[in-house]
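One structure below.
The values are calculated or read from the model by the stated rules, or taken from the named source; none is laboratory data. If you're wondering where the values come from, they're calculated on a predicted model, not measured in any experiment. Heads up, the Cβs are rebuilt from the backbone with ideal geometry, glycines too, and the neighbour counts pull from every protein chain shown.
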Amino acid sequence: MSRKEIKALARIQIDGKIGAFFLVSLVGGFIGSIGSGFPLIGVIISLVLSSAMSLGMINIRLHVAFDRSYRPRVGDLFDGFRNFWPFLKVTLLSSIITILWSILFIIPGIIKALSYSQAPYIIAENPNMPVMEALRLSEQMMKGKKWEFSVLNLSFIGWALLSIPTLGLISIWLEPYMQMTAVNFYNDVKRDFEQFFYAPPPPPFGEQV
C-alpha cells in the first residue's frame with residue numbers, strides 16, 4: 001500500500017469512533033500512570049500497569065483494523081493484562097539496545113529504533129514468540145522500509161503544529177489517526193512474513209479463534 005492509501009484507510013477506520021478512542025486513551029493513560037512518582041515499588045507498579053495498558057491499546061487498534069464494525073471499549077483495555085510480560089520484555093529490551101547504540105552514535109540509534117518499531121505489534125499478536133525472535137522479525141520486516149516509515153511519521157508534522165492554535169484539541173482526532181496509520185503500516189509490511197508468525201490475525205473481542 002502507498003502512504004496515501006495507508007492514511008486514507010486510517011481515516012476510514014476512525015470515522016465515528018473518535019470519542020471511543022479518546023475515552024479509552026484517557027482511561028489507559030490514567031491507569032498506566034498509577035504508582036509513578038513513588039519509590040521502587042511504585043515504579044514497578046507503574047511499569048506493569050503502563051505495559052498492560054499499552055498492550056491493551058495495541059490490541060484494540062489491531063481489532064479496529066481487523067473489524068471495522070468494532071468500537072473501542074474501555075473494558076477491552078484490560079485484555080492487555082493477559083500477556084503483558086512478553087510485551088514488557090520486548091519493549092524494555094528494544095529500548096535498552098536502542099539506547100546503547102545511541103550512546104555510541106545518534107544515527108545508528110535511530111536506525112535501531114526504526115528496525116524494532118514493529119516488535120510491539122508482533123509480540124501483541126504472538127505472545128508466545130521469544131523476544132529476540134520478535135526483534136529479529138521486526139528487523140527483517142523493516143529492511144528497505146525504514147525511510148518509508150520515517151516519511152510516514154513526518155507527514156503528520158503539519159497536523160501536530162495545529163495543536164498549538166487549537167490548544168491541543170486537534171490531538172483528540174490526530175492521535176487515533178496516527179495510531180491506526182501505524183497499525184496499517186504494520187499490517188502492510190508483515191504480509192510477506194506471515195509464515196513466521198505464530199498466530200493468525202485477532203478475531204473481534206469476545207469471539208474465539
Inset, instruction - Can you confirm whether the stretch 21-31 contains a residue that is farther than 18 Å from residue 178 by Cβ and among the β-branched types (Val, Ile, Thr)? - result: yes
Inset, instruction - Report yes if some residue within the stretch 34-50 is under 24 Å from residue 129 (Cα atoms) and crowded, with 19+ Cβ neighbours inside 10 Å; otherwise report no. - result: yes
Inset, instruction - For residue 79, work out the one condition from (1) surrounded by fewer than 16 Cβ atoms within 10 Å (Cβ to Cβ); (2) touching a residue at least 24 places away in the same chain (Cβ under 8 Å); (3) among the charged types (D, E, K, R) it doesn't fulfil. - result: (1)
Inset, instruction - Please indicate, with yes or no, whether at least one residue in the stretch 2-20 is touching an Asp or Glu at 6+ places or on another chain (Cβ under 8 Å) and part of a helix (DSSP H, G or I). - result: yes
Legend entry - Odd one out for residue 99 among (1) crowded, with 16+ Cβ neighbours inside 10 Å; (2) assigned to a helix (DSSP H, G or I): (1)
Inset, instruction - Please work out if residue 29 is surrounded by fewer than 14 Cβ atoms within 10 Å (Cβ to Cβ) and at positive phi. - result: no
Legend entry - Long-range neighbours under 8 Å by Cβ, at least six apart or interchain, first residue touching a residue at least 60 places away in the same chain (Cβ under 8 Å) and within 27 Å of residue 73 (Cβ to Cβ) within the stretch 158-178, second assigned to a loop (DSSP other than H, G, I, E, B) and basic (Lys, Arg): 176/17
Inset, instruction - Please work out which residue is farthest from residue 108 (Cα to Cα), limiting yourself to the stretch 52-95 and to residues that are touching a Lys or Arg at 6+ places or on another chain (Cβ under 8 Å) and assigned to a loop (DSSP other than H, G, I, E, B). - result: 71
Legend entry - Odd one out for residue 184 among (1) at pLDDT below 95; (2) assigned to a helix (DSSP H, G or I); (3) closer than 19 Å to residue 123 by Cβ; (4) in contact with a helix residue (DSSP H, G or I) (Cβ under 7 Å, 6 or more places away or on another chain): (1)
Legend entry - Lone qualifier among 6, 34, 45, 41 - being of a type in the set (A, V, I, L, M, F, W, C), modelled with pLDDT under 95, more than 18 Å from residue 120 (Cα to Cα) and in contact with a Phe, Trp or Tyr (Cβ under 9 Å, 6 or more places away or on another chain): 45
